[in-house]
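I have placed the structure first, in the form of structure tokens, so that the comments after it can refer back to it.
All of the numbers you see were taken from the coordinates with simple rules; none came from a lab. Since we're looking at a predicted model, the values are computed, not measured. In this analysis, Cβ positions are derived from the backbone assuming ideal geometry, glycine residues included, and neighbour counts consider all displayed protein chains.
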Amino acid sequence: MGHLPGFGILGAVFMALRLLQIVSLVSVIGLTGSLVKDMVEEKVAVASAIVGTLVVACIATAYTLTSSILFSQHLLPLLIATAADATFLIAFIIASCIIGKPVHNLTCKTLPNHGNAGTFMSSLFTTTTPSSSSSSITTMIDPSKAACHTIKATWGICIASTILFFASATIAISLWNTLKRRRADRPRKTIDCE
């Protein structure tokens, strides 16, 4: 993590949040990648919600890694980092809502151990019955307990990523304000032209 002089505890918390974000984003990439693989192997249409979440997680991972390095070297523009974190916050709110809509009422333990994960995921995101219960879902599609747990984990980690990006955006703006005040308090050098 490195020594971050001048940033104090907020700097350390910011770097800890970046580490947690990287862990959660890599988890989302792995989980959604697994779902995409299952859907491609079954030759069914890959759900746009899953692809969108995968793309957002990949871009967010690249940003998080880059901004961590820049922050540790005191090269990260904190106002831009706040805006970027807020953008990823919004993106993960949207992803959580889109994934959560068909997933929130699933009960994974009632689903059979065997099933077709690709068909299940494709059907889950194309079925438009908002009042469907988990029992009616099991009669409509070929459910898979493993795929159910995977998509629920993805949903939960997306929610966690939302919280992490909110916290890092808040800390980044606090760090920016701190640096702005320090620069304003610093005495200006006077140049003697004589």
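Compared with the dominant principal axis of the Cα atoms in the chain, helix 145-185 is inclined by about 10°.
Per the Kirkwood formula applied to alpha carbons, the chain shows a radius of gyration over Rh ratio, Rg over Rh, of 1.17.
To the nearest 10 degrees, how steeply does helix 117-126 sit against the main Cα axis of the chain, on a 0 to 90 scale? The two axes meet at around 80 degrees. Within straight-line reach of K101, meaning a Cα separation under 28 Å, sit the following lysines at least 8 residues removed in sequence or on another chain: K37, K43, K109, K145, K152. Helix 8-41 and the long axis of the chain differ in direction by around 30°, with both axes built from C-alpha atoms.
Taking a ≥ b ≥ c as the square roots of the Cα gyration tensor eigenvalues, the range 6-58 comes out prolate, since a/c reaches at least 1.5 and a/b is larger than b/c. Within the same chain, lysines fewer than 8 places from K180 are excluded, and of the rest, those with a Cα less than 26 Å from its Cα are K189. Other residues with beta-carbon under 12 Å from the beta-carbon of C108 carry, at +1 per Lys or Arg and -1 per Asp or Glu, a net charge of +3.
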